[in-house]
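Structure first, commentary second.
The values are calculated or read from the model by the stated rules, or taken from the named source; none is laboratory data. No experiment lies behind these values; they were computed from the predicted model shown. Every residue, glycine as well, gets a Cβ built from its backbone with ideal geometry; the counts of neighbours run over all protein chains shown. Accessible surface areas use protein heavy atoms only, side chains included; no ligands, DNA or RNA. Shrake-Rupley method; radii C 1.70, N 1.55, O 1.52, S 1.80 Å.
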Amino acid sequence: MFDTLFDLPAHPLLIHAPIVLLPIAAIATVVLAVRPAWRARANWWMLGGLFLTLVLLFSAKESGEALIDAYDRANGEGAVDISEHQSLAETTFIMTVVWFIVFGVSTAFERVERIGSGALQSVANNVAARQALAVIAAVLGVLATIWLIRTGDAGAKSVWGPRMDILFPDR
């Protein structure tokens with residue numbers, strides 16, 4: 001399912017969406033942590049965008065696994081060592097899932113606070129708790145962005161590193 005797209009390996013095509021969207025979502029999360037008044041209007045949109053980013057990140061991760069399986073079948077197991085890339089990708093994905101959950105809880109508390117009813121009302125009324133969740137979400141967004149960059153760097157080095165001397169002999 002995740003192996004090809006338009007008769008090309010899907011991974012190089014699918015990675016670009018999370019590479020663009022995840023840092024934008026992180027910046028938006030930081031802005032919403034700094035500007036609590038904006039959260040009431042933007043949280044649900046942001047949560048939807050973060051969910052889309054998470055789905056696209058999952059697609060990129062799964063297509064990467066399909067690509068390495070195909071590469072190993074064609075060239076022999078371990079023809080390219082992407083273990084660091086895979087490890088960083090797993091961590092990035094887990095961080096993004098936790099970020100989504102924390103942001104979702106923060107969004108729910110903002111909603112409960114506005115409607116003024118429910119079992120979670122006392123927690124939702126606690127401004128410091130809501131702000132702490134927003135800051136935790138922002139930190140997770142920044143960390144996920146850093147890990148995404150590290151993941152891409154490790155992947156590029158594992159694929160292109162051995163070929164750099166051939167491609168650019170004068171460097």
List every residue whose amide H lies under 5 Å from the amide H of Leu5, counting only residues 5 or more places away in sequence or on a different chain, with H placed 1.01 Å from N in the peptide plane. Ala10
For the range 121-164, what is the accessible area per residue in Å², given a 1.4 Å probe and the full set of protein chains? 53 Å²
Sites matching GluC sites (Glu not before Pro) across the range 1-106 that sit in DSSP coil, with at most 11 neighbouring C-beta atoms within 10 Å: Glu77
At Ser122 and Val98, where each label point lies 7 Å from the Cα along Cα→Cβ, what is the point-to-point distance in nanometres? 2.8 nm
Per residue value of the accessible surface for the range 26-71 (all protein chains in place, 1.4 Å probe), Å²: 53 Å²
In nanometres, the difference between 0.36 nm per residue of separation and the alpha-carbon distance of Leu167 and Ala74 is 31.2 nm
First compute the accessible area of the range 1-153 with a 1.4 Å probe, then give the percent of it belonging to carbon and sulfur atoms. 69 percent
Of Gln131, Gln86, Gln121, which has the largest mean-square fluctuation in a 10 Å C-alpha GNM of the chain? Gln121
Which value, in Å² rounded to 10, gives the accessible area of Val34 with a 1.4 Å probe and all protein chains present? 110 Å²
Order by protection proxy (mean Cβ within 10 Å, highest first), peptides 39-47, 2-10, 23-31: 23-31, 39-47, 2-10
